[in-house]
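Notes to accompany the following structure.
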Amino acid sequence: MEQHLIYPFCCTEHSTFFSTLLENYIRLRATQDGISIINDDFKIYKELTNTNLKLVIESEKQNIKRWKDNLILDLEKKLLSISSLIFIYYVFYIFEIKIDKELEKELQFLKDQSLNLHNSIGTKETESAFKLIFQLIEDINQLKNLYIS
């Protein structure tokens, strides 16, 4: 069985469910656009919109601030947490779940954190996390442009 990483959820069942969706997205994203991946499994990804995004962000924000950028393992945890939260935000955006201004500010905090860390020491894990973060930010921007058009 594939070993899943721990993601910001209260129980193992939710964490495993989320990690499976994120890993599926990462695996397919190289050959498909983000919207297509989520539309193909619409009902499954829709479950993520039941997440209390404010609660999850608040919980993880404390960890993100606590982890030290100069320690490789902390940096990897921080980037994994940031990418997870941005992914949930992206799913909310696809399903047109209303995101309030406070959550928009939190997303900006996450983006800033990842951009500030981009020149940090690189490992395979950090490079993968940065790639995912930047891909998700690009996907969100494309989606915003699509909605504006």
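The values are calculated or read from the model by the stated rules, or taken from the named source; none is laboratory data. Quick caveat, the model's predicted, so the values are computed rather than measured. Note that we place each Cβ from the backbone using ideal geometry, even for glycine, and neighbour counts take in every protein chain shown.
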Return the pair list, or none, for Cβ contacts closer than 7 Å from residues in region 12-38 that are in contact (Cβ under 8 Å) with a residue 40 or more places away in the chain and closer than 14 Å to Ser83 by Cα to residues that are of a type in the set (Lys, Arg) and in a loop (DSSP other than H, G, I, E, B), at least 6 apart or on different chains.
none
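If you take the residues in region 129-141 that are touching a residue at least 60 places away in the same chain (Cβ under 8 Å) and not hydrophobic (A, V, I, L, M, F, W, C), which one is surrounded by the fewest Cβ atoms within 10 Å (Cβ to Cβ)? Give the steps one after another, and end with the answer.
Pass one, region 129-141, residues touching a residue at least 60 places away in the same chain (Cβ under 8 Å): 132, 135-136, 139.
Pick out the ones that are also not hydrophobic (A, V, I, L, M, F, W, C) and you get 135, 139.
Numbers: Gln135: 19, Asp139: 22.
Here the answer is Gln135.
Can you tell me which of Ile57, Ile64, Ile44, Ile88 is among the aliphatic types (A, V, I, L, M), at pLDDT 85 or above, outside any loop (DSSP other than H, G, I, E, B) and under 21 Å from Ile137 (Cα atoms)? Working first, answer last.
On the way: Ile57 fails: at pLDDT 85 or above; Ile64 fails: at pLDDT 85 or above; Ile44 fails: under 21 Å from Ile137 (Cα atoms).
Ile88 is the lone residue from the list that is among the aliphatic types (A, V, I, L, M), at pLDDT 85 or above, outside any loop (DSSP other than H, G, I, E, B) and under 21 Å from Ile137 (Cα atoms).
Condition check: among the charged types (D, E, K, R), touching a helix residue (DSSP H, G or I) at 6+ places or on another chain (Cβ under 6 Å) and surrounded by 19 or more Cβ atoms within 10 Å (Cβ to Cβ). Does Lys78 satisfy that? Reasoning before the result, please.
Details: among the charged types (D, E, K, R): yes; touching a helix residue (DSSP H, G or I) at 6+ places or on another chain (Cβ under 6 Å): yes; surrounded by 19 or more Cβ atoms within 10 Å (Cβ to Cβ): yes.
In short, yes.
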Name the pairs whose Cβ atoms lie under 7 Å apart, with the first residue in region 41-67 and at positive phi and exposed (fewer than 11 other Cβ atoms within 10 Å of the Cβ), the second charged (D, E, K, R) and not in a helix (DSSP H, G or I), and 6 or more positions between them or separate chains?
none
